[in-house]
1. Counting just the residues of region 77-111 that are free of Cβ contacts under 8 Å to residues at least 24 places away in the same chain and under 18 Å from the mean Cα position of the chain (by Cα), which one comes out surrounded by the most Cβ atoms within 10 Å (Cβ to Cβ)?
2. Could you look through region 37-54, keep only residues that are out of contact with any helix residue (DSSP H, G or I) (no Cβ under 8 Å at 6 or more places or on another chain) and within 18 Å of residue 99 (Cα to Cα), and pick out the one that is surrounded by the fewest Cβ atoms within 10 Å (Cβ to Cβ)?
3. Could you list, in sequence order, all residues of region 55-65 that are in contact with a helix residue (DSSP H, G or I) (Cβ under 9 Å, 6 or more places away or on another chain) and surrounded by fewer than 18 Cβ atoms within 10 Å (Cβ to Cβ)?
4. Of the residues that make up region 170-182, is at least one at pLDDT below 80 and either loosely packed, with under 10 Cβ neighbours inside 10 Å or closer than 16 Å to residue 111 by Cβ (or both)?
5. Inspect all residues belonging to region 4-26 and state whether any of them is in contact with a helix residue (DSSP H, G or I) (Cβ under 7 Å, 6 or more places away or on another chain), surrounded by 13 or more Cβ atoms within 10 Å (Cβ to Cβ), modelled with pLDDT under 85 and not in a loop (DSSP other than H, G, I, E, B).
């Protein structure tokens, strides 16, 4: 069983089962890569629903697919390929063969639990891009709640370190959008028009945020972010206690 993928010869280096995306013993990222290689192929179009249906029971399949991009896998969405439908993706190019031992960690940044916790605490458990808190409902998408993840301040290179200063807290929606910034996003003039409409006090606040590259949280916002980390039952207790406090 021999394959040639993106210039990498992979015949004879691993067993047949190690190159079968159905093998549940393989990591999810490897299974996704093999599924894309064998079932889709370069230039092929697929949907996330089809991917999830193929690799059932694996955690964070969508995220593991995105993790292939830093390893040279070019996976386009409708945002940067107008011919695609909103639920479609296109495998433009197969990248490094992550099923090979020497390429398994290609494009991955290893983030320690300590660093992850430090960044979340530094950012108040809120998305640095849109301000939504963990598990908070999106104002423009009722019923959809935010899941926080870590994003990179700048696009990273394969194998580089993942320090707290390189990372920011993002919700999954912003994290996905930032990866695919295209001309469909608001342009400079549109953003500037919004800025000019702000009252003077808000203009000054915005400039301070831009200068520091961070939006400082008020004490109430910090308390809200911490409150959102609590289990639902405990949140109800805290809400009840606060209501009693204000009514006393």
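The values are calculated or read from the model by the stated rules, or taken from the named source; none is laboratory data. Just so we're clear, the structure is a prediction, and the values are computed from it rather than from any experiment. Positions of Cβ are backbone-derived with ideal geometry, glycine not excepted, and every protein chain shown enters the neighbour counts.
1. Residue satisfying both the conditions and the ranking: 78.
2. My answer is 41.
3. Result: 58, 59, 60, 62, 63.
4. Yes, the conditions are met somewhere in region 170-182.
5. Yes, region 4-26 contains at least one residue that is in contact with a helix residue (DSSP H, G or I) (Cβ under 7 Å, 6 or more places away or on another chain), surrounded by 13 or more Cβ atoms within 10 Å (Cβ to Cβ), modelled with pLDDT under 85 and not in a loop (DSSP other than H, G, I, E, B).
Residues checked against (1) touching a strand residue (DSSP E or B) at 6+ places or on another chain (Cβ under 6 Å); (2) more than 14 Å from residue 47 (Cα to Cα); (3) modelled with pLDDT under 90:
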| residue | (1), (2), (3) |
| --- | --- |
| 64 | no, yes, yes |
| 68 | no, yes, no |
| 74 | yes, yes, no |
| 89 | yes, no, no |
| 93 | yes, yes, no |
| 96 | no, yes, no |
| 102 | no, yes, yes |
